[in-house]
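The values are calculated or read from the model by the stated rules, or taken from the named source; none is laboratory data. From a predicted model like this one, the values you see are computed outputs, not experimental measurements. Note that we place each Cβ from the backbone using ideal geometry, even for glycine, and neighbour counts take in every protein chain shown.
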Amino acid sequence: MQRCAASRAVFLTWELIHLSDGLVTALTSGVIALVVAAVSGLFTWLGVRRERNKWLTDLAAAWTLERNKTRLAAHPEVLRSIGLLSKHDRSRVTPEVAGRVAEGINGWFYGPGGLIADASTRGALLGLRIRCNRWARTRVMPEDLYEFRNLAVLALRKDLDLSGLESFDFEDDLGMIGKLFAEMTKKGLTT
């Protein structure tokens, strides 16, 4: 009987050891599965985030391209109207001419140019339109008409990411390569 109890105890101990090995294996497998799932989830989340950022960058680039195409198509029209106010035009600038300029600016405002222009550009052109209308109506030229004309031209150029009204020196003829090299040197892109 003693022997039977002892063999039963050995058998139970052996069962516990095997059960423990199975339990350890199961727990280890579970932990590894959780780690793999977490790492896989992290990589998936990072990939989705990277794709989202790429999509947003592409969307911003496409929007900028379309906006600039529209501006490039619409801004020359209003610039031609403003050109009627040029002091270098052979015809005399009159209140009637100012009225035509105001009409041209008004047409631009209610077209693609007015929709897509920067707020400062719309503001400059609005100020010029008001002064041109006032001149056409009262026959008295506003003192700040040419200030607003110059501001409007600068704003239109800025809208197209062009520099301001640069002066041109006829004596300084660098040529295209010279100008490019000077600009690169200025920006620190050359050694």
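Summary of values
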quantity	calculated
Residue within segment 67-76 that is over 21 Å from R137 (Cα atoms) and in contact with a Phe, Trp or Tyr (Cβ under 9 Å, 6 or more places away or on another chain) present	yes
Of residues in segment 38-95 being of a type in the set (G, A, S) and more than 28 Å from the chain's Cα centre (by Cα), the one surrounded by the most Cβ atoms within 10 Å (Cβ to Cβ)	S81
Among (1) at pLDDT 70 or above; (2) of a type outside the set (D, E, K, R); (3) exposed (fewer than 10 other Cβ atoms within 10 Å of the Cβ); (4) in a helix (DSSP H, G or I), the one test that G188 misses	(4)
Lone qualifier among L160, L115, L156, L125 - being over 21 Å from L65 (Cβ atoms) and not charged (D, E, K, R)	L125
Test set (1) surrounded by fewer than 19 Cβ atoms within 10 Å (Cβ to Cβ); (2) closer than 30 Å to T64 by Cβ; (3) among the β-branched types (V, I, T) - I105 fails condition number	(1)
Every pair of residues 6+ apart whose Cβ atoms lie under 7 Å, when the first sits in segment 64-82 and is within 14 Å of I105 (Cα to Cα) while the second is acidic (D, E) and in a helix (DSSP H, G or I)	H75/D159
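Residues checked against (1) of a type in the set (G, A, S); (2) over 19 Å from R157 (Cα atoms):
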position: A74; (1), (2): yes, no
position: H88; (1), (2): no, yes
position: V93; (1), (2): no, yes
position: A98; (1), (2): yes, yes
position: V101; (1), (2): no, no
position: F109; (1), (2): no, no
position: D118; (1), (2): no, no
